[in-house]
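Trainee: Let me begin by handing over the structure; questions about it come next.
We did not get these values from a lab; they are worked out from the coordinates using the rules stated. Keep in mind the model is a prediction, meaning the values are calculated, not measured. Ideal geometry is used to build each Cβ from the backbone, glycine not excepted, and the neighbour counts take in all protein chains shown.
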Amino acid sequence: MALNSVHDVDVLIAGAGPTGLALAVDLARRGISARLVEQSDRLFPGSRGKGLQPRTLEVLDDLGVIDAVLASGGPYPLMMSWQGDRRVGEWDLLERFAPTPRAPYGEVWMLTQWRTQEILHERLRELGGGVEFGTALTGITQDDDGVDAALALPDGSTGTVRARYLVAADGGRSAGRRALGVGMTGETIDPHPILIADLLLGGIDREHWHVWPKAEGGTVMLCPLAGTDHFQLLAQYTETGTEPDGSVEGIRRLIDARTPIGGGQVREVLWSSVFHPSAAMADRFRVGRVFLAGDAAHIHSPAGGQGLNTSVQDAYNLGWKLGQVLRHGADAGLLDSYEEERLPIAADVLGISTRLHGATRDGDDTAARQRGTDTHGLELHYRDGPLTRELRPDALPGGTLPDAAPRAGDRAPDAPLAGGGRLFDLLRGPHFTLLALGTAARLPPGIPADLVHAHRIDDSPEHGTSGAHAVYGDGLFLVRPDGYIGLATREPADVTAYLARFTGRPCGELGHDRP
């Protein structure tokens, strides 16, 4: 053990964006001591990541904020294409999907990033946490027992925090990643800059997302932001050497030149930013006791609405694993699975974002409009992950299990329950959930209630093929705290053997009632 073995906090989180806030909420509800520091003096003020995909909505449901999310946002409007001052026609950016018993959130939900962060911040304060604004991570030193994080404090002084683990969720220019010496592999996917801004704007309806794809100087888009009276402006600059001007006067000139609205209709610019679309991923997501999450680990084009969503799901994957190690005594080797599971997912999602950006940039309308289920996050899985155990013979390659039936590693689908309610009502919370489905499924004895909530679910004839038993089939399904099926089996002994990895208790002890 290192000489400096006294810890100020279990987890230090750098960066109070959606990633850091989601992780802080998840740790707080697990009773893990954490400090969340943010270099800025306030939460991010812009709309940038405005699309919450269905899987992210499920995560926010579990974190206890879905009512506020749904009340504060709205569905995406239809697109309206313009040519000069003439409306060419409306079309849909999205393939629309109604909610189903298996997936209660059918399509992407528009909510400005600043409001998403406000909601998570409010939830964190409900749980007794908060954000230390004006506090920047400036250095990292670690040993076998913990991390010493150097901080620049609001009053200009410096300090050091000793933590068991540190999570750098501090954005694309992550100080934490630089302190670790971890490289980013990627490329600029568009050489031309893009201006994004939030405006108070008159002179145009809020029923459509307006786009001038052939405007001289580059495409202009104006999207009414659900739950606000703002528009989001996104403007491409295709002329070499042109530098975007995000000031009120600069944006007025842009609106004058590229749209028929008139610059005088720009009443206020609430926030603006200029960026060059990039796609990049950190070479590693973990170095010792330090983890990279969100934009610190992967940078996306905004096309496809994947950046914020992938980032929140990083936090969701890491939070429960830190909880098992710090609260339930699991071996710290469990934390290796964060990089093993999330790095391949981030790489795949990065490919989706890059494809959609390229199609939009190149004027391929058909490809640009292909935003279907591949962006929703519901089909992402960990079937080949290190924590996945599929032990049903009929689910193995060549078996008789229907293709649509969930396998270990898949997201656990929702389903209606007999007598009312949803399967997600049972999954909600920081615990594992054990489901026994079918008359032959037997719950193992002595499963500790502080670790696992066990439920026998009877057939629900009134729900037909949408009931839990019909969806999952026969067997025992152990659902991880992040809503993925970790184990699928028909043998009770497999459950206790699997759970032993997630607690400091001996395997045999898990299978018997404790005195």
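Trainee: Quote the charge dipole size of the range 389-510 about the Cα centre in Debye, to the nearest 20; the model charges only the Cβ of Lys and Arg (+1) and of Asp and Glu (-1).
Mentor: 300 debye
Trainee: Only Lys, Arg, Asp and Glu count, each charged at its Cβ (+1, +1, -1, -1), so figure out the dipole size of the range 194-276 about its Cα centre, rounded to 20 debye.
Mentor: Rounded to the nearest 20 debye, it is 100 debye.
Trainee: Same structure again: I need the shape label for the range 1-154. Rule: rounded when a/c is under 1.5, else prolate if a/b > b/c, else oblate, with a, b, c from the alpha carbon gyration tensor.
Mentor: prolate
Trainee: Name the residue from V88, G329, A179 whose Cα lies farthest towards the positive end of the charge dipole of the chain, charges +1 on Cβ of Lys and Arg and -1 on Cβ of Asp and Glu.
Mentor: G329
Trainee: In whole percent, what relative contact order does the chain give with Cα contacts below 8 Å and a gap of six or more residues?
Mentor: Once divided by the residue count of the chain, the mean separation gives 15 percent.
Trainee: Any idea how far apart V274 and S247 come out in nm if each label point goes 7 Å out from Cα toward Cβ?
Mentor: 1.2 nm
Trainee: Ranking S40, S72 by Cβ neighbours within 10 Å, fewest first, what do you get?
Mentor: Placing the least packed residue first, the sequence is S40, S72.
Trainee: Order the peptides 20-31, 438-449 from the highest to the lowest mean number of other Cβ atoms within 10 Å of their residues.
Mentor: Descending mean neighbour count gives 20-31, 438-449.
Trainee: What nm distance separates the two modelled labels at R267 and E207, each placed 7 Å from Cα along Cα→Cβ?
Mentor: 2.1 nm
Trainee: Of [x] 35.1; [y] 26.2; [z] 23.7, which one was derived for mean projected area of the Cα convex hull in nm² from the structure shown?
Mentor: Structure-derived value, by its label: [y].
Trainee: If you don't mind, there's one more thing I want to ask. In deg cm²/dmol, rounded to 500, what helix-only [θ] at 222 nm does the chain give when every DSSP H run of at least 4 residues adds -39500 (n - 2.57) and the total is split over its residues?
Mentor: -7500 deg cm²/dmol
Trainee: Let me know the charge dipole size of the chain about its Cα centre in debye, to the nearest 20, where only the beta-carbon of Lys, Arg (+1) and Asp, Glu (-1) is charged.
Mentor: 320 debye
Trainee: Can you put R407, R87, R115 in order of Cβ neighbours within 10 angstrom, beginning with the fewest?
Mentor: Neighbour counts put them in this order, fewest first: R87, R407, R115.
Trainee: Ordered by packing density, taken as the mean number of other Cβ atoms within 10 Å over each peptide's residues, highest first, how do 239-247, 259-267 rank?
Mentor: 259-267, 239-247
Trainee: Report, for the range 78-236, the % of DSSP beta bridges that are antiparallel, rounded to 5.
Mentor: About 90 percent, rounded to the nearest 5.
Trainee: Quick one: order T433, T465, T160, T116 by neighbouring beta-carbon count within 10 Å, fewest to most.
Mentor: So the residues, fewest neighbours to most, are T465, T160, T433, T116.
Trainee: Under the definition of Cα pairs under 8 Å and six or more residues apart, what whole-number percent is the relative contact order of the range 416-480?
Mentor: 43 percent
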